């Protein structure tokens, strides 16, 4: 399917404030970006760099007053999420060097604390994809997905205690459970077609069978229509914006996802 995705952020800035933005989707194995729009108003200088996870980041100094960022992209993505029942676990000694970081505990994913729970959830499952699928199903049935219930990231331990959370919270717990089984897992932030309520979205991917597969416990079934913007170990690595100075909360935040091939 072809999707047009856009995000519009408007801030009221007290004093000149440095921002790091992470709003540009890139082409890859699962998506093709055919067109982009990136407008910053007022038109200040933006310096782009690629971070340690391959994400496209932009550094800007926002002036005082109203400051807006508008991004838009047209992307070709799959109508369906790839699945691979029985895809095997990749033994740690065979995991590529650049993926090893997704095997370790991180700020919001305390995977060293979830070994017993992960073993209980995946008991009698074939090692690899089937274990991750069991984790996704367990999250779907045991952790309540409540959009808008949290304004800041919480850790996997807190999510498990609360038994509820937003999309990134469910992803944190899924990632921690996977890593506790020696399955590399990473967080992804981007867009999802027909998400309700519409907003930026977060899910996780697990590395089994020598490639990454998408898992999203917030949705009732496997589907397509995902556009990835950023990848990281957890939410600390993939904020769509970081600002340094007085807290800058968007006074407007609008996300739109349209299917172009049906218009």
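Laboratory data are not the source of any read-out in this text; all were calculated from the coordinates shown. Bear in mind the structure is a predicted one, so any value in this text is a computation, not a measurement. A quick note on method: Cβ atoms are made from the backbone with ideal geometry, for glycine too, and the neighbour counts reach across all protein chains shown.
Work out the FRET efficiency for residue 45 and residue 262 from their Cβ-Cβ distance, taking R0 = 45 Å, and round it to the nearest 0.05.
According to the calculation, E is roughly 0.70.
Please give the calculated 222 nm ellipticity per residue for the chain, where each DSSP H segment of at least 4 residues contributes -39500 (n - 2.57) and the sum is spread over every residue; nearest 500 deg cm²/dmol?
-4500 deg cm²/dmol
Between residue 83 and residue 59, what's the calculated FRET efficiency when r is the beta-carbon distance and R0 is 41 Å? Round to 0.05.
Between residue 83 and residue 59 the formula returns 0.60.
When the C-alpha atoms of the range 1-122 are aligned to their principal axes, what extent does each axis show, in angstrom, from largest down?
53, 36, 26
Starting from 0.36 nm per residue, how many nanometres of slack lie between residue 149 and residue 76 once their C-alpha separation is accounted for? Numbers along the way, then the final one.
Numbers: separation 73, 0.36 × 73 = 26.28 nm, distance 3.13 nm.
Contour length minus Cα-Cα distance gives 23.2 nm.
If neighbour count is taken as other Cβ atoms inside 10 Å, put 132, 60 in order from fewest to most.
60, 132
In the set [x] 1.06; [y] 0.97; [z] 1.22, which value of Rg/Rh (Cα atoms, Kirkwood Rh) was calculated from the structure you see?
[y]
Under 1.5 on a/c is rounded, so check that first for the range 93-165, then, if it is not, pick prolate when a/b is larger than b/c and oblate when it is not; a ≥ b ≥ c are the square roots of the alpha carbon gyration tensor eigenvalues. Could you put the intermediate results ahead of the total?
Values: a/c = 2.09, a/b = 1.31, b/c = 1.60.
Here the range 93-165 falls in the oblate category.
Working only with C-alpha atoms, what are the Rg and Dmax values of the range 92-228, expressed in angstrom?
Cα radius of gyration and Dmax of the range 92-228 are 13.9, 42 Å respectively.
Percent relative contact order of the chain, based on C-alpha pairs within less than 8 angstrom and at least six residues apart? Don't jump to the answer; show the numbers that get you there.
Values: 600 pairs, mean separation 77.7, N = 263.
Relative contact order here is 30 percent.
What nm value, rounded to one decimal, do you get for the distance between residue 242 and residue 68 when each label is placed 7 Å out toward the C-beta?
According to this spin-label approximation, the distance is 2.7 nm.
By how many nm would the segment from residue 107 to residue 254 lengthen if fully extended, with 0.36 nm per residue of separation less the alpha-carbon distance?
Details: separation 147, 0.36 × 147 = 52.92 nm, distance 2.84 nm.
Full extension from residue 107 to residue 254 adds 50.1 nm.
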